[in-house]
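Following: one structure in structure tokens, then a few remarks.
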Protein chains: 2
Amino acid sequence: MAGNAAREKANAEVLKRFAAAEPYVEDVRPAIEVMAGFTRDTILTSGPPLPWPDYTGGQRAAIIGAALFEGLAPDAAEAEALLARGAIRVRGCHDLGAVGSLAGVYSASMPVFVVRNRKHGNLGFCNFYEGTNPRRLNYGVYDDGVRERLRHVQNVVAPVLGEAVRRSGGIALKPIMKRALHMGDELHSRNTAAALLFTREILPQFLALAETRRAETEICAAALTEDHYFFLRLSMAAAKATADAGHAIAGASIVTAMGFSCREFGIRVSGLGDTWFTGPHPKVQAKLSPGHAEDEISWMGGESTICETIGLGGFAQAAAFPLQAYQGGSPEAMVERNLEMYQITAGENPDFHIPYLRYRGTPTGIDIFKVIETGIAPVMNIGIAGRDGGQIGAGVVRAHASCFQSAVTAHHARYP
Amino acid sequence: MAGNAAREKANAEVLKRFAAAEPYVEDVRPAIEVMAGFTRDTILTSGPPLPWPDYTGGQRAAIIGAALFEGLAPDAAEAEALLARGAIRVRGCHDLGAVGSLAGVYSASMPVFVVRNRKHGNLGFCNFYEGTNPRRLNYGVYDDGVRERLRHVQNVVAPVLGEAVRRSGGIALKPIMKRALHMGDELHSRNTAAALLFTREILPQFLALAETRRAETEICAAALTEDHYFFLRLSMAAAKATADAGHAIAGASIVTAMGFSCREFGIRVSGLGDTWFTGPHPKVQAKLSPGHAEDEISWMGGESTICETIGLGGFAQAAAFPLQAYQGGSPEAMVERNLEMYQITAGENPDFHIPYLRYRGTPTGIDIFKVIETGIAPVMNIGIAGRDGGQIGAGVVRAHASCFQSAVTAHHARYP
């Protein structure tokens, strides 16, 4: 009981820090300029880090593509050779304070959002959405079209947005996320309202920039609002800056990161340092785009589940009934799954509310002990990649219990 | 049965026209420049028109305030005298193709949205939201602050928006309304998402205007998105342009307008000409602002119920669970009330869908016969005015059956 009481107290502190977080986007800069430890020959990718030979399929292709995009090698064969002998270094996004979407590759010159948790002082980073074309580097594709779209983001969208963000003095993300939950977003697979609310906040800066650079400003504004995903990268960086504030609390059993690589799923736990507890990939319930089949579904990494970690995404799905059209399922199932998450979380979010549940706070702070005790696995809303790269759908996944079991075992060992 | 079949056929035509409507906002102009029949000495107000002496309370105060705003009289006493002898003419909004919010007063120089139904060719008008201050002319208040805010709308907000709208070549409102229903709006008491979506559409024009007039453009953009109500006036004008397209179909028993004056509630019916069938005010279930009480609730007119007429507002409330916080009630009650409306409507809207109801089309086209047969009265989401003017809350009202009964009787007489 004494052990339990200490754990509860530590978990309450984690929850308090999650709640107190004040994420602001303060800048947009090339990764190498703002991310400590980034070097010209670094490529970041999603999930618990693996030795290079273990990266396969789309994730491997994405890492090679990022190396080519960055000019670290003239062709794929040379990139492979450099990667094999460690001359191009592959690291996990989380180890540099970032989170990756799908394959999640970052190279040195790619623009990233710089989000500061003004309460705790820590930073979270995320790179940019590539646009609506389903062929994207983070979905394991690299060709002329992908490169061109990445360059467009790097040369037009990011510089204008960066200037606007710096002019603004920083934009508070939590109020936007809070309101977006009242407007059909769950801030993982749907960020439609958040993008519009963010545009509203940045609009005075856009108007100022338009005085001298109208065309680029217009392109940037269009990129922000063209579909449901642009804001996800801000939601992810905000979630990372929030989750990290609750990390490394001795004794705590709350999950502070969840992510995939092409090989496995893993979690980090607040009281258990930077160790990843890993297990097999989750089960997926997907809605695929016309012309695609279940057997094409391919795992190529993903850390956008940082959103679920702080009570968004699958943990707020009853705020986002329009997701039916995108990832399948029914409103009733969404409500039921969302309600289940209260059984495995330490508390309810004081800022993020679900209108349909009479403004109940979202279930927040996944407790590894509760996952094992109840047998209820965290539910996550994710984009689905295809064998040949590109996005082929979206769906709902359930983590496998084994990594939670390993974490519980480690917790018992560390806090006997 | 032959009579019924003819009525069904006529009603199907009304519904078809409602569905086919393509409302575009095409301009913003002073009322007198664009509304046929408007004269310098005209004041429009909400509801079935009454002889001047019958206007009381906030609605009377609003009419006098509009006369003063327009400079038709130097003071209230003189305005009253001019109104009494008909030198200032009071007319119903609907008679000039407009709809009024609450008291709904229009004077000649006030800016109005010009919405064209590009399918049918007809126009609908609505004037502007006065801003977040609960003291407003349309809520029966006229003082220096109200005048100043009206002038601000007239001199800054409307001219910039007008220029932007004209530059755009017209903005389609139905796609915005359709999407807003997936984002927590029902487009009567909540228009939050619609305002942001509209801003997105107009943004390229704002950026162009900012090249030479940044400050005013910024003020205009802020007015658009400062709260939940700005877009309502566009929703109302779009609804009017839609409803009118279905008006005057011989034999049809579908309601094409609903509105209040300070004295009564009234409806118009497609097959029964421009006659208003009137009855007592509805029952109200309100949530009042702190410090206000039920006995302050005051009727001073309202025609925003044109939204319910085409399947929005109360007929789409299960799309807008966030309204709980504003007008009270529970999600379960909102769903139940919304479902009831399918029993009194001719069909389901092909464009307006409710995510929570698995994207079912909103109940559309109130059939006076079904209202009487089922005993279910239309439900409407409205703003609530106080005895001393100003908005004191919001609520849900149910029309009284008597005007539907009178309309049914008239329908039997006309189509025996």
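The values are calculated or read from the model by the stated rules, or taken from the named source; none is laboratory data. Computed from a predicted structure; not experimentally measured. When we count neighbours, we look across all protein chains shown, and the Cβ atoms used for this are built from the backbone with ideal geometry, even at glycine.
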Exercise. Under the condition of being under 22 Å from the mean Cα position of the chain (by Cα), closer than 17 Å to B:Asp185 by Cβ and surrounded by 23 or more Cβ atoms within 10 Å (Cβ to Cβ), which residue from the stretch B:342-362 is farthest from the other protein chains (Cβ to nearest Cβ)?
Worked result: B:Asn349
For this session: State whether the residues of the stretch B:407-416 include one that is within 24 Å of B:Arg233 (Cα to Cα) and in a loop (DSSP other than H, G, I, E, B).
Result: no
For this session: Answer yes or no as to whether B:Gly162 is crowded, with 18+ Cβ neighbours inside 10 Å, facing chain A (nearest Cβ under 9 Å) and either within 20 Å of the chain's Cα centre (by Cα) or assigned to a helix (DSSP H, G or I) (or both).
Result: no
Exercise. Are any of the residues in the stretch B:117-124 over 17 Å from B:Tyr24 (Cβ atoms) and not acidic (Asp, Glu)?
Worked result: no
Exercise. Of the conditions (1) more than 14 Å from chain A (Cβ to nearest Cβ); (2) under 18 Å from the mean Cα position of the chain (by Cα), B:Gln285 fails just one. Which one is it?
Worked result: (2)
Seminar exercise, completed: Residues of the stretch A:1-41 being farther than 26 Å from A:Leu96 by Cβ and either polar (S, T, N, Q) or assigned by TED's automatic domain parsing to the domain that holds A:Gly162 (or both), in sequence order, are A:Asn4, A:Asn11
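In the stretch B:235-275, which residues are among the polar types (S, T, N, Q) and in contact with a strand residue (DSSP E or B) (Cβ under 8 Å, 6 or more places away or on another chain)?
Start the filter on the stretch B:235-275 by keeping residues that are among the polar types (S, T, N, Q), which leaves B:235, B:242, B:253, B:256, B:261, B:270, B:275.
Selection gives B:Thr242, B:Ser253, B:Thr256, B:Ser261, B:Ser270, B:Thr275.
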Exercise. If we scan the stretch A:279-301, do we find a residue that is without any contact (Cβ under 8 Å) to a residue 60 or more places away in the chain and under 25 Å from A:Asn117 (Cβ atoms)?
Worked result: no
Seminar exercise, completed: Expected single match for within 28 Å of B:Ser253 (Cα to Cα) and of a type in the set (A, V, I, L, M) among B:Val25, B:Val34, B:Val14 is B:Val14
Problem set entry | Looking only at the stretch A:183-208, and only at residues there that are surrounded by fewer than 24 Cβ atoms within 10 Å (Cβ to Cβ) and in contact (Cβ under 8 Å) with a residue 40 or more places away in the chain, the one that is nearest to the other protein chains (Cβ to nearest Cβ) | A:Ala208
Problem set entry | Checking A:Pro175 against (1) closer than 25 Å to A:Ala21 by Cβ; (2) surrounded by fewer than 16 Cβ atoms within 10 Å (Cβ to Cβ); (3) touching a residue at least 12 places away in the same chain (Cβ under 8 Å), the condition it does not meet | (3)
Exercise. Mind checking whether some residue in the stretch B:306-326 is within 14 Å of chain A (Cβ to nearest Cβ) and of a type in the set (Phe, Trp, Tyr)?
Worked result: yes
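Check A:Val379, A:Val335, A:Val371 and return the single one that is within 14 Å of another protein chain (Cβ to nearest Cβ) and modelled with pLDDT of 95 or more. Explain how you work it out, then say what you get.
Values: A:Val379 fails: within 14 Å of another protein chain (Cβ to nearest Cβ); A:Val371 fails: within 14 Å of another protein chain (Cβ to nearest Cβ).
Of A:Val379, A:Val335, A:Val371, the one residue that is within 14 Å of another protein chain (Cβ to nearest Cβ) and modelled with pLDDT of 95 or more is A:Val335.
With respect to B:Ile171, is the statement that it is in contact with a strand residue (DSSP E or B) (Cβ under 7 Å, 6 or more places away or on another chain), more than 10 Å from chain A (Cβ to nearest Cβ) and among the β-branched types (Val, Ile, Thr) true?
Numbers: in contact with a strand residue (DSSP E or B) (Cβ under 7 Å, 6 or more places away or on another chain): yes; more than 10 Å from chain A (Cβ to nearest Cβ): yes; among the β-branched types (Val, Ile, Thr): yes.
Spelling it out, B:Ile171 is indeed in contact with a strand residue (DSSP E or B) (Cβ under 7 Å, 6 or more places away or on another chain), more than 10 Å from chain A (Cβ to nearest Cβ) and among the β-branched types (Val, Ile, Thr).
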Exercise. In the stretch B:129-151, how many residues are touching a residue at least 24 places away in the same chain (Cβ under 8 Å) and part of a helix (DSSP H, G or I)?
Worked result: 6
Exercise. If you scan the stretch A:395-412, which residues turn out to be farther than 19 Å from A:Ser270 by Cα and buried (at least 23 other Cβ atoms within 10 Å of the Cβ)?
Worked result: A:Val396, A:Val397
Exercise. Identify, please: which residue in the stretch A:209-224 is closer than 14 Å to B:Thr217 by Cα and surrounded by 21 or more Cβ atoms within 10 Å (Cβ to Cβ) and is, among those, nearest to the other protein chains (Cβ to nearest Cβ)?
Worked result: A:Ala210
Problem set entry | Test for A:Met380: is it part of a helix (DSSP H, G or I) and under 30 Å from A:Arg135 (Cα atoms) | no
